[in-house]
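A.B. asks: Can you read through this structure? Questions will come right after.
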Amino acid sequence: SNSSLESNLEGLAGVLEADLPNYKSKILRILCTVYVLRKSRNMGCAFLVRFLSDLVNCHVIAAPSMVAMFENFVSVTQEEDVPQVRCDWYMFAFLSSLPWVGKELYEKKDAEMDRLLSQTESYLKRRQKIHVPMLQVWTADKPHPQEEYLDCLWSQIQKLKKDRWQERHILRPYLAFDSVLCEALQHNLPPFTPPPHTEDSVYPMPRVIFRMFDYTDDPEGPVMPGSHSVERFVIEENLHCIIKSHWKERKTCAAQLLSYPGNNKIPLNYHIVEVIFAELFQLPSPPHIEVMYTTLLIELCKLQPGSLPQVLAQATEMLYMRLDTMNTTCVDRFINWFSHHLSNFQFRWSWEDWSDCLTQDLEKPKPKFVREVLEKCMRLSYHQRIIDIVPASFSVLSPANPVCIYKYGDESNRSLPGYTVALCLTIAIKNKASNDEIFSILKDVPNPNQDDDDGEGFTFNPLKIEVFVQTLLHLAAKSFSHSFSALAKFHEVFKTLAESDEGKLHVLRVVYEVWKNHPQMIAVLVDKMIRTQIVDCAAVANWIFSSELAHDFTRFYIWEILHSTIRKMNKHVLKIHKELEETKARLARQHKRVSNLFVIFKPNGPLEEQIERLQEKVESAQSEQKNLFLVIFQRFIMLLTEHLVRCETGGIDVFTPWYKSCIERLQQIFLQHHQIIQQYMVTLENLLFTAELDHHILAVFQQFCALQA
Amino acid sequence: LGQAGHGSAAMSSSGTLSILRSDSYAELSQYRDQHFRGTRYDQERLLRKSCTLYVGNLSFYTTEEQIHELFGKSGDIKKVIMGLDKVKKTACGFCFVEYYARGDAENAMRYINGTRLDDRIIRTDWDAGFKEGRQYGRGRSGGQVRDEYRQDYDAGRGGYGKTVQCQ
């Protein structure tokens with residue numbers, strides 16, 4: 001954990017400043033934390049290895065023992081039947097220390113180092129990179145290739161070696177004290193054996209290096225180090241480290257970033273913006289919550305009002321220009337960031353600069369992006385504001401006025417079936433009718449599915465659902481709170497009408513019909529209906545893939561709803577699991593107390609029964625969760641296969657904007673919920689992602705498997 | 001193999017690295033609701049485990065929907081309760097936002113507090129929990145106390161303060 005690392009570093013810091021002869025035990029204690037590496041989930045422990053490397057530079061640790069440790073790291077690549085991500089971690093820990101200590105180690109042990117580097121090269125050549133396309137922010141290699149992180153680091157180290165390990169960026173205060181330090185007693189690191197791989201071992205995910213700037217982007221300022229220069233690596237690592245240290249304190253974080261040393265020799269603002277976007281767009285997920293980056297950028301703009309906003313505007317422009325090849329998940333984050341950012345700056349933007357998107361098909365990435373941004377901006381303000389802030393030419397991209405559509409509203413609709421009942425309901429609800437009164441009014445609604453009526457009154461009657469839901473939502477349209485109250489008050493009616501799966505689906509359809517101009521309202525209503533069990537998660541998934549929603553299928557709000565639904569399902573499973581574990585713990589404590597008293601206990605006490613019930617609940621919840629993912633994947637496969645077949649027979653190009661969006665949405669399901677989905681890999685492979693599947697779709701599954709392989 | 005060192009805990013000044021653990025945005029402020037029923041100790045205990053935030057300096061025109069959109073960025077919202085003028089029963093510039101999880105409320109304190117909604121810098125603070133009656137302003141005229149006595153003109157909060165208006 002971070003705190004034990006800190007307290008160990010604290011100890012070392014104290015030692016180094018006060019009492020050199022006593023550092024040996026401190027070092028050994030720190031090495032104990034290195035043994036914690038087997039539990040580490042992030043690259044943060046590579047930082048620890050780097051720290052040890054710097055101790056070599058201080059002549060505290062003997063270089064040969066460091067080389068020996070690195071030999072042990074690199075030998076992990078010779079292990080058999082281990083996940084590639086395990087070898088990757090050790091390789092990263094070795095390579096990422098070399099900018100700090102490569103020179104020193106090479107001077108002392110060049111033959112060994114050469115051997116290590118050649119072993120590194122052969123490992124990197126043979127490792128598989130199927131996972132890379134899934135993690136790239138852009139699908140295009142221009143203007144900057146999106147490299148796999150180890151490949152990029154290797155290029156940087158090779159260049160460093162060619163430059164005879166001359167590295168000019170890292171602060172090396174020990175150089176000033178070399179004459180003293182070189183007389184110090186050096187110590188050997190105890191031999192370190194990498195802990196063996198186990199079933200439970202978790203390794204960091206691979207990454208793709210995000211690059212959006214090069215030296216041409218700031219022609220007036222200092223030169224930005226090239227993508228394969230080791231300086232670029234060091235700067236980026238240090239900036240990421242600052243964010244990692246201060247993410248909870250945005251003002252401190254911004255100040256620390258801006259006071260990064262050497263800021264007159266490098267275009268610091270560009271590096272900062274690039275590193276922040278690298279994290280924001282990182283796949284599968286950003287290291288920190290998205291809103292942190294928005295607020296951090298605002299703080300940076302406040303601290304550097306004369307320069308940072310311009311770099312940010314330049315970055316925004318560049319991201320916009322490259323929307324055609326940007327991964328859909330990253331576009332989502334771009335939309336969220338940009339709209340939230342604008343809302344802090346009175347929505348001021350040079351929209352005319354983006355007029356090129358007006359001549360494109362609305363489904364193309366650029367106009368789509370602008371539409372989604374304007375919709376999100378509206379959610380943070382109000383409809384008229386958005387009309388006012390964009391040029392008149394942009395009205396085609398402006399969001400709809402978020403008003404409710406009530407089909408029984410006008411006298412001209414009186415011929416619609418159910419119209420009179422709707423009127424009746426309206427009056428009754430306004431007069432504070434009870435659920436029973438509502439039931440009796442609805443009893444008279446005929447069932448268009450007459451033949452299915454089994455006479456018990458609980459069959460699926462779409463007209464009843466329509467009349468009730470339309471009327472109620474219309475009456476409660478004033479605000480979210482009004483709508484939530486309505487759902488709560490008439491919960492019984494909802495539960496009865498939506499008892500069957502078809503009922504649930506139809507409720508969702510009607511909600512959509514009423515509120516299709518107000519996606520935010522749809523999202524909060526669906527959320528509430530899941531939480532109050534009016535509909536279930538599978539119903540929402542089926543509704544999203546239904547033909548009625550095909551028109552909105554590529555809209556951002558649909559995927560927000562689906563992912564929110566999956567998260568609720570996941571949280572539910574975790575919650576019940578936790579309850580079960582807690583009850584088991586209580587039982588164990590009870591047994592312990594009782595056995596201490598030598599009293600015979602009842603075999604089926606209340607706790608045992610509770611545990612049995614909770615076991616069932618857990619199994620049922622897990623089954624529901626598995627089913628949800630199966631439904632989603634199945635529907636994706638059906639939809640994509642249909643498109644692929646149609647294109648093949650028609651001889652048209654598969655790669656339409658819709659297809660790109662859809663296949664990336666499938667990827668997004670895997671990436672955003674990868675931990676849960678890992679549990680179901682066997683089922684998915686045997687049931688859905690079989691060899692008969694079109695290779696376009698299968699590739700997504702294979703890339704996902706490769707992520708932790 | 002050298003002396004067994006001091007062996008004891010860190011010799012350096014404790015808290016050299018405490019800056020790395022600092023989380024000042026999520027801490028309790030100095031403010032304590034004077035109308036809270038219970039001891040100071042109870043109040044602070046509730047504040048430390050609360051999932052509810054008080055949000056202040058809203059425009060009178062800011063809607064529940066806008067608040068939901070902004071505060072939804074730090075996590076799933078359980079409930080938004082709009083602050084109302086006690087007499088007019090209209091929005092009077094504050095609200096409560098309750099999350100399902102405290103961690104989400106903490107992130108709101110870290111990243112939404114001090115940023116803009118409807119072009120106004122809004123302020124969030126921990127709340128001990130909503131109770132019926134707390135949705136009303138406590139100023140004599142029905143709105144919030146701060147709008148009773150302030151001297152400035154604020155178009156989003158009914159113009160001049162109430163005392164100024166009555167002059």
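Throughout, read-outs are computed from the coordinates displayed, never taken from laboratory work. Just so we're clear, the structure is a prediction, and the values are computed from it rather than from any experiment. As a convention, Cβ positions derive from the backbone with ideal geometry for all residues, glycine included, and neighbour counts pool all protein chains shown.
A.B. asks: As a footprinting exposure proxy, order A:His482, A:His673 by other Cβ within 10 Å, with the fewest listed first. Each step should come with its number before you reach the end.
C.D. replies: Numbers: A:His482 14, A:His673 19.
Fewest-to-most Cβ neighbours within 10 Å comes out as A:His482, A:His673.
A.B. asks: To continue, here is another question. What is the set of long-range amide H partners of B:Cys92 at a cut-off below 5 Å, with H atoms built 1.01 Å from backbone N?
C.D. replies: B:Gly83, B:Leu84, B:Asp85
A.B. asks: While we're here: Relative to the longest principal axis of the C-alpha atoms of chain A, give the angle of the C-alpha long axis of helix A:44-57, reported between 0 and 90° and rounded to the nearest 10°.
C.D. replies: Rounded to the nearest ten degrees, it is 10.
A.B. asks: Please give me, ordered by residue number, the GluC sites (Glu not before Pro) of segment A:63-172 that lie in loop per DSSP and have at most 14 other Cβ atoms within 10 Å.
C.D. replies: A:Glu79, A:Glu80
A.B. asks: Would you order B:Cys95, A:Cys662 from fewest to most other beta-carbon atoms within 10 Å of each residue's own beta-carbon?
C.D. replies: Details: B:Cys95 22, A:Cys662 18.
So the ranking, lowest neighbour count to highest, is A:Cys662, B:Cys95.
A.B. asks: Can you work out the FRET efficiency for the pair A:Leu607 and A:Glu220, with r the C-beta to C-beta distance and R0 = 56 Å, to the nearest 0.05?
C.D. replies: That pair, A:Leu607 with A:Glu220, gives E of 0.20.
A.B. asks: Let me ask something else. Tell me, what HN-Hα J-couplings in whole Hz come from the Karplus equation 6.51 cos²θ - 1.76 cosθ + 1.60 at θ = phi - 60° for each residue of segment A:668-676, using x for Gly and Pro?
C.D. replies: 4, 4, 4, 5, 6, 10, 4, 5, 6
A.B. asks: I've got another one for you. Let's see if you can work this out: charge +1 on each Lys and Arg Cβ, -1 on each Asp and Glu Cβ, no other charges. What is the dipole magnitude of the protein assembly as shown about its Cα centre, in debye to the nearest 20?
C.D. replies: The dipole magnitude comes to about 2780 debye.
A.B. asks: Charges on Cβ only, +1 for Lys and Arg, -1 for Asp and Glu, centred on the Cα centroid of segment B:17-167; of B:Tyr61, B:Gln167, B:Gly114, which one is farthest towards the dipole's positive end?
C.D. replies: Towards the positive end, the residue furthest out is B:Gln167.
A.B. asks: Taking H as built 1.01 Å from N, whose amide H comes closer than 5 Å to the amide H of A:Val535, not counting residues under 5 places away?
C.D. replies: A:Ile530
A.B. asks: Compute the long axis of helix A:419-430 from its Cα atoms, compare it with the longest principal axis of the Cα atoms of chain A, and write down the angle in degrees, 0 to 90, nearest 10.
C.D. replies: For A:419-430 against chain A, the angle is about 70 degrees.
A.B. asks: While we're looking at this one, here's another question. What FRET efficiency, computed as 1/(1 + (r/R0)^6) with R0 = 41 Å and r the Cβ-Cβ distance, is obtained for A:Lys478 and A:Gln78, rounded to the nearest 0.05?
C.D. replies: Working from the Cβ atoms, E equals 0.05.
A.B. asks: Which distance in nm do the two modelled labels at A:Ala709 and A:Ser620 give, with both placed 7 Å along the Cα-to-Cβ direction?
C.D. replies: Each label point lies 7 Å from its Cα, and together they span 3.9 nm.
A.B. asks: May I pose another question? Using only Cα atoms, tell me the angle between helix A:230-246 and the longest principal axis of chain A; keep it within 0 to 90° and round to the nearest 10.
C.D. replies: Helix A:230-246 and the main axis of chain A meet at about 60 degrees.
A.B. asks: Report the one residue of B:Leu70, A:Val85, A:Ser546 whose Cα lies farthest in the direction of the positive end of the charge dipole of the protein assembly as shown (charges on C-beta: Lys and Arg +1, Asp and Glu -1; origin at the Cα centre).
C.D. replies: It is B:Leu70.
A.B. asks: For segment B:30-40, just list the computed ³J(HN,Hα) in residue order, Karplus coefficients 6.51, -1.76 and 1.60, θ = phi - 60°, integers in Hz, with x standing in for Gly and Pro.
C.D. replies: Running phi through 6.51 cos²θ - 1.76 cosθ + 1.60 with θ = phi - 60° gives 7, 5, 10, 4, 6, 8, 5, 8, x, 7, 4 Hz.
A.B. asks: Express in whole angstrom the spacing between the alpha-carbon centres of segment A:222-253 and segment A:93-125.
C.D. replies: Measuring centre to centre over Cα atoms gives 23 Å.
A.B. asks: Now for a separate question. I'd like the distance between the alpha-carbon centres of segment A:540-594 and segment A:307-363, rounded to an integer number of Å.
C.D. replies: Between the Cα centres of segment A:540-594 and segment A:307-363 lies a distance of 33 Å.
A.B. asks: Okay, next question. Ignoring everything except DSSP H segments at least 4 long, calculate the 222 nm mean residue ellipticity for the protein assembly as shown; use -39,500 (n - 2.57) per segment, divide by total residues, nearest 500.
C.D. replies: -17000 deg cm²/dmol
A.B. asks: Looking at segment A:658-700, which GluC sites (Glu not before Pro) are in a loop (DSSP not H, G, I, E or B) and have at most 14 other Cβ atoms within 10 Å?
C.D. replies: Qualifying residues, ordered by number: A:Glu692.
A.B. asks: If you don't mind, another one. Taking a ≥ b ≥ c as the square roots of the eigenvalues of the Cα gyration tensor of chain B, is the shape rounded (a/c under 1.5), prolate (a/b larger than b/c) or oblate?
C.D. replies: Working: a/c = 2.37, a/b = 2.29, b/c = 1.04.
Prolate, because a/c is 1.5 or more and a/b exceeds b/c.
A.B. asks: List the aspartates and glutamates whose Cα lies under 12 Å from the Cα of A:Lys159, skipping any in the same chain that are fewer than 8 positions away.
C.D. replies: Output for A:Lys159: A:Glu167, A:Glu231.
A.B. asks: Related question: Please report, in whole Å, how far the alpha carbons of segment A:565-709 spread along each principal axis, starting with the longest.
C.D. replies: Its Cα atoms span 80, 26, 23 Å along the three principal axes.
A.B. asks: What list do you get for A:His695, A:His169, A:His591 if you sort them by fewest beta carbons within 10 Å?
C.D. replies: Details: A:His695 9, A:His169 19, A:His591 12.
Fewest to most other Cβ atoms nearby, the residues stand as A:His695, A:His591, A:His169.
A.B. asks: To continue, here is another question. What pairs in A:Lys571/B:Lys86; A:Lys430/B:Lys78; A:Lys125/A:Lys368; A:Lys495/A:Lys575; A:Lys568/B:Lys88; A:Lys478/A:Lys575 have C-alpha atoms more than 29 Å from each other?
C.D. replies: Values: A:Lys571/B:Lys86 39 Å; A:Lys430/B:Lys78 27 Å; A:Lys125/A:Lys368 40 Å; A:Lys495/A:Lys575 24 Å; A:Lys568/B:Lys88 38 Å; A:Lys478/A:Lys575 34 Å.
Over 29 Å Cα-Cα: A:Lys571/B:Lys86; A:Lys125/A:Lys368; A:Lys568/B:Lys88; A:Lys478/A:Lys575.
A.B. asks: With a ≥ b ≥ c taken as the square roots of the eigenvalues of the C-alpha gyration tensor of the protein assembly as shown, please select rounded if a/c is under 1.5 and otherwise prolate if a/b is larger than b/c or oblate if it is not?
C.D. replies: The shape class here is prolate.
A.B. asks: Starting from the Cα of B:Lys131, draw a straight line to each of the aspartates and glutamates and keep only those under 19 Å, dropping any in the same chain fewer than 8 residues away.
C.D. replies: B:Asp33, B:Asp42, B:Glu44, B:Glu64, B:Asp85, B:Glu98
A.B. asks: Here's another thing I want to ask about it. Under 5 Å between amide H atoms, partner at least 5 residues away or on a different chain: which partners does B:Gly159 have, H built in plane at 1.01 Å?
C.D. replies: The answer is B:Asp154.
A.B. asks: Quick one: grab the alpha carbon gyration tensor of segment A:313-421, order the square roots of its eigenvalues as a ≥ b ≥ c, and give me rounded if a/c is under 1.5, else prolate or oblate depending on whether a/b is larger than b/c.
C.D. replies: prolate
A.B. asks: Something else: Can you compute the FRET efficiency between A:Leu574 and A:Ile427 using 1/(1 + (r/R0)^6), with r the Cβ-Cβ distance and R0 = 41 Å? Round to the nearest 0.05.
C.D. replies: After rounding to 0.05, the efficiency reads 0.35.
A.B. asks: Please list 3J(HN,Hα) in residue order for segment A:72-84, calculated via the Karplus relation 6.51 cos²θ - 1.76 cosθ + 1.60 where θ = phi - 60°; whole Hz, with x for glycine and proline.
C.D. replies: Values per residue, Gly and Pro as x: 5, 4, 5, 5, 4, 5, 8, 5, 9, 6, 10, x, 4 Hz.
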